[in-house]
Amino acid sequence: MIKRYNNEIKKAFQVSIPVMMGYGVLGFAFGLLLVSFEYAWYLAPLMSLFVYAGALQFVAINFFNVKAGLVDIALATWFINLRQSFYGLSLLKRFKRAGKLKPYLIFGLTDETYALLTTIKDDEQLKKRWYYFFLTAFNQSYWFIGSTLGAIVGSNIDFNTAGLEFSLTALFVVLCIEQYKNLQNSVPFLIGATASLIALVLVPSDKMLVTSIVIALVLMFSFKKRVENE
């Protein structure tokens, strides 16, 4: 199988190198943070294998720590991952002929994988569904390995984890800049900034994320024509 899809594997690995650099570090940070709250190290690889949602995994640690209710966790999870519904809509055509690989492509779709799929032009000589599969699998493996190593190291060596939770935010900032360079459309970014400032000023910090997402969605639909025109 490896020889059969050699070109797809090589291309997917080459394209995924930037994500490897980010996911290795961020996954390691997640593993360290998880065990710093005295959770078992093996929860890191299990979450990275079956949950695989970087931002949500960081948020989940705090949910577990404060013993948040199931309803609160479910609502926050829904809002945090709601953006991926829009990812899915924009990739319907690409994944249409993915066949048996489609469920995994949907499961493994992250912000970074989406960014790669939408900013790097496809090579017409590649078997696309397998290229998408290997790209997604490489990205998940980076996160899985990073988080597992972080949890193992953190279980055996004392680390000062202050500030580690900001590492994911830093990656999002970089991706945001790259998306702006690619789209050259300032409206969605201004909407996001406005929504965040409104939530920061008007609501408590524990409700800020959900509130800012709702405000951003309302503004996006309100200024839909402006966004499309630009």
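The numbers here are math on the coordinates, done by the rules we state, and not lab data. Owing to the predicted nature of the structure, the values given are computational and were not obtained by experimental measurement. Here the Cβ is made from the backbone with ideal geometry for all residues, glycine too, and neighbour counts use every protein chain on show.
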| field | the stretch 103-115 - phi-based ³J(HN,Hα) in whole Hz, Karplus 6.51/-1.76/1.60, Gly and Pro as x | value | x, 6, 4, 5, 4, x, 6, 10, 4, 6, 5, 4, 4
| said: Taking amide H atoms as placed 1.01 Å from N in the peptide plane, list the residues 5 or more away in sequence, or in a different chain, whose amide H sits under 5 Å from that of Trp41. | reply: none
| said: Multiplying the sequence separation of Tyr42 and Asn7 by 0.36 nm and subtracting their Cα-Cα distance, what value in nm do you get? | reply: 9.2 nm
| request: At 7 Å along the Cα-to-beta-carbon direction for both Ile106 and Ser141, put a label point, then send me their distance in nm to one decimal. | output: 2.5
| query | If you stretched the chain out fully between Leu200 and Ser90, how much longer would it get, using 0.36 nm times the residue separation minus the C-alpha to C-alpha distance? | reply | 36.6 nm
| note | Hits in the stretch 204-219: amide N under 20 Å from the 7 Å Cα→Cβ extension of Tyr180, namely 212-213, 216-217, 219
| query | Residue farthest toward the positive end of the dipole of the stretch 6-164, with Cβ of Lys/Arg at +1 and Asp/Glu at -1: which of Tyr39, Ala115, Ile145? | reply | Ala115
| Please state the relative contact order of the chain as a whole percent: Cα pairs under 8 Å, 6+ residues apart? | 36
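How much length is gained if the chain between Thr118 and Ile17 is pulled fully straight, taking 0.36 nm per residue apart and subtracting their Cα-Cα distance, in nm to one decimal?
Gain on extension, Thr118 to Ile17, equals 34.8 nm.
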| request: Would you compute the Debye intensity of the chain from its alpha-carbon atoms alone, equal scatterers and no solvent, and pass along log10 I(q)/I(0) at q = 0.08, 0.10, 0.11 Å⁻¹ to two decimals? | output: -0.33, -0.52, -0.63
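Using a Förster distance of 41 Å, how high is the FRET efficiency between Asp158 and Leu56, based on the Cβ-Cβ distance and rounded to 0.05?
It comes to 0.95.
With charges only on Cβ, +1 for K and R and -1 for D and E, what is the dipole size of the stretch 6-164 about its Cα centre, in debye, rounded to 20?
The calculation lands at about 900 debye.
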